[in-house]
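The values are calculated or read from the model by the stated rules, or taken from the named source; none is laboratory data. On a predicted model such as this, the values are computed, not experimentally measured, just so you know. Neighbour counts are summed over all protein chains in view; Cβ atoms, including those assigned to glycine, are modelled from backbone coordinates with ideal geometry.
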Amino acid sequence: MSIKTILNYSPNFNSKKRNFKQIKFIIFHYTGMKKESEAINRLTEIQSEVSCHYLVKNNGEIIKMVPDLYVAWHAGISSWKNINSLNNNSIGIEISNSGHEFNYKQFSKKQIKSILILSKFLIKKYKINKKNILGHSDIAPSRKKDPGEKFPWQHFAKQGVGIWHSLSAKLSKKNRMIKVSSLDKKKFFNNIFKIGYAKKSPKNFKNDKYFIFLVRAFQRRFRQELVNGKIDNECLIISENLAKKLN
């Protein structure tokens, strides 16, 4: 099986080829620029020093920018579980979307279809565990919001791309905005650290501030209806459910 792509190679990648067994993650991003053409230019110009392996256009077309076996520059300073600098072990997929700074919009149906096809192809080819399908905000919560709360993570999980909790929407919503104790907040953080979110805050970043970003990243991924950076009972039970499923 092969994927239909348009070739528009970026010069921004590491020259040393990697072994296919090093590829363990897929990281989703949005481009976060007003115009799709500007995003394509940025990802392919040498001065920008950023790139990705694939870009999915608004119309669903897939542009291949860096061959899979080369390290593209998409993740930046990042960590998940005990792995830092996820560029080395991942394939980066950029999705054309203006992002939070420029009237963040729903991803198109054609984009969703193409991303699923591409992801399933890569998962099969490189034997990627569905636990390792992540968003940029998961691996860099203090810096990034993408692909954001409008990305259909639950739908993707049903298709075998990524993970989701097994709580009913009714039960989950019933626990929303219910306050939790300090002990429960500690339990929440222990749960999300088990899932993979980084414990250590970035340099020159106070822990309290970092933990708010962590909560928002978790919510953008698993409680998308309300992203407020506050831990409530809904966040707690979702984190417990996921921690049990994944460990």
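Among the conditions (1) assigned to a loop (DSSP other than H, G, I, E, B); (2) closer than 22 Å to Ile238 by Cα, Asn103 misses just one, which is (2). Of all residues in segment 37-55, those that are closer than 12 Å to Asn8 by Cβ and of a type in the set (S, T, N, Q) total 4. Residues in segment 223-247 that are buried (at least 19 other Cβ atoms within 10 Å of the Cβ), in a helix (DSSP H, G or I) and not acidic (Asp, Glu): Cys235, Leu236, Ile237, Ile238, Ser239, Leu242. Contact list please: Cβ distance under 7 Å, first residue in segment 50-75 and farther than 19 Å from Ile139 by Cα and outside any loop (DSSP other than H, G, I, E, B), second residue of a type in the set (A, V, I, L, M) and at pLDDT below 95, pairs at least six apart or on different chains. That search, which allows pairs on different chains as well, returns Ile62/Ile3. Gly196 falls short of the stated requirement of being assigned by TED's automatic domain parsing to the domain that holds Lys120, among the small types (Gly, Ala, Ser), touching a residue at least 60 places away in the same chain (Cβ under 8 Å) and buried (at least 16 other Cβ atoms within 10 Å of the Cβ). Checking Lys185, Lys170 one by one, the residue that is in a helix (DSSP H, G or I) and farther than 27 Å from Ile112 by Cα is Lys185 and no other. Counting residues in segment 212-219 that are assigned to a loop (DSSP other than H, G, I, E, B) and surrounded by fewer than 18 Cβ atoms within 10 Å (Cβ to Cβ) gives zero. Inclusion of Ser98 among residues that are crowded, with 23+ Cβ neighbours inside 10 Å, at pLDDT 95 or above and in a loop (DSSP other than H, G, I, E, B) is not warranted.
If the condition is being among the β-branched types (Val, Ile, Thr) and either buried (at least 22 other Cβ atoms within 10 Å of the Cβ) or at pLDDT below 95 (or both), then segment 1-21 contributes only Ile3. Could you go through segment 23-35 and let me know if any residue there is in the same structural domain as Asp146 (by TED's automatic domain parsing), more than 15 Å from the chain's Cα centre (by Cα), within 19 Å of Asn87 (Cα to Cα) and in a loop (DSSP other than H, G, I, E, B). Within segment 23-35 (the criterion being in the same structural domain as Asp146 (by TED's automatic domain parsing), more than 15 Å from the chain's Cα centre (by Cα), within 19 Å of Asn87 (Cα to Cα) and in a loop (DSSP other than H, G, I, E, B)), the answer is yes, since at least one residue qualifies.
Scanning for something of a type in the set (Lys, Arg) and exposed (fewer than 13 other Cβ atoms within 10 Å of the Cβ), does segment 22-33 turn up at least one residue? Write out each step before concluding.
As a first pass, look at segment 22-33 and keep what is of a type in the set (Lys, Arg): 24.
Okay, now just the ones that are also exposed (fewer than 13 other Cβ atoms within 10 Å of the Cβ), so none.
No, the conditions are met nowhere in segment 22-33.
Could you list, in sequence order, the residues of segment 135-160 that are buried (at least 22 other Cβ atoms within 10 Å of the Cβ) and either part of a loop (DSSP other than H, G, I, E, B) or of a type in the set (A, V, I, L, M) (or both)?
If we filter segment 135-160 for residues that are buried (at least 22 other Cβ atoms within 10 Å of the Cβ), which is where we start, we get 135-141, 144-148, 151.
Within segment 135-160, Ile139, Ala140, Pro141, Lys144, Lys145, Asp146, Pro147, Gly148, Phe151 qualify.
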